[in-house]
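Working notes, beginning with the structure itself.
Just so it is clear, none of the values below were taken in a lab; they were calculated from the coordinates. From a predicted model like this one, the values you see are computed outputs, not experimental measurements. Heads up, the Cβs are rebuilt from the backbone with ideal geometry, glycines too, and the neighbour counts pull from every protein chain shown.
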Amino acid sequence: MILTGPEIGAAARDGRIRISPFAQNQVNPNSYNVRLGPTLLTYTDPIIDAHRPNATRATTIGREGYVLRPDELYLGHTLEEVGSDTFVPLLFGRSSVGRLGLFVEITAPIGDIGFHGQWTLMLSPVRPLRVYPGMKIGQIMFFVSTGAIDPYRGKYQDAAGPRPSQYWRDLLGAGAQ
């Protein structure tokens, strides 16, 4: 089951969902709009290596916006901190943003029960596109879970701003070279 807009509002008020800051005008019939935060990360190495940390460069999006370029992966973040110890959140790009040619969070839309923080957004434009801090960039839906809950305690917990991949940390105990 998916939560309706009124239930998302009720759950935000009673603490079953945490959205900070929360704005009633961002509630949709069955989702909550999230906005683009002011920081973008890009990887600086010519080859990204999944087995090690990769260098990044941070850019602040000014009031005049920032032009995203094709063939570049940008890591943005939600302005809102979102999470739930009860519901499963899923984040998707808004259709209005997709119609501008921007792919948002296309490979990992599901969040874990127990994650709380700003969500890192993978942004890939098909042509040059100017984005602005605070623009409505995505929407989060909340689904009811069944069964016992084992809350998320992973490496991205309490994220503030965009977080680069920490895939390499998964290898530390696995004996991979």
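Per q in 0.12 Å⁻¹, report the Debye log10 I(q)/I(0) for region 64-177, using one uniform scatterer on each alpha carbon and no solvent. Results for region 64-177 at q = 0.12 Å⁻¹ read -0.49. The distance from the alpha carbon centre of region 108-146 to that of region 1-74 is 4 Å, rounded to a whole number. Note on region 1-135: dipole from Cβ charges, positive end direction compared against Ile19, Pro29, Gly83; the farthest Cα belongs to Pro29.
Given their separation in residues at 0.36 nm each and the Cα-Cα distance between them, Asn28 and Lys136 gain 37.7 nm when the chain is fully extended. Per-residue ellipticity at 222 nm computed for the chain from its helices equals -2000 deg cm²/dmol, with DSSP H segments shorter than 4 residues left out and the rest contributing -39,500 (n - 2.57).
The C-alpha radius of gyration of region 1-58, expressed as a fraction of 2.2 N^0.38 Å, stands at 1.73. Over 18 Å, how big is the tail of the calculated P(r) for region 26-79, in percent of all Cα pairs? Percentage above 18 Å: 47.
Can you give the alpha-carbon Rg of region 2-135 over 2.2 N^0.38 Å, where N counts its residues?
Numbers: Rg = 15.7 Å, N = 134, 2.2 N^0.38 = 14.1 Å.
Compared with the compact-globule rule of thumb, region 2-135 sits at 1.11.
Charges only on Cβ, +1 for Lys and Arg, -1 for Asp and Glu: so what's the dipole of the chain about the Cα centre, in debye to the nearest 20? Let's see the in-between values first.
Values: 17 positive and 15 negative charges, 93 e Å.
The dipole magnitude comes to about 440 debye.
A Cβ-based charge dipole, computed about the Cα centre of region 1-50 with Lys and Arg at +1 and Asp and Glu at -1, lands at about 300 debye. Just check region 39-116 against the gyration tensor rule for me: Cα atoms, a ≥ b ≥ c as the square roots of the eigenvalues, rounded for a/c under 1.5, and otherwise prolate or oblate depending on whether a/b exceeds b/c. Oblate, since a/c reaches 1.5 and b/c is not below a/b.
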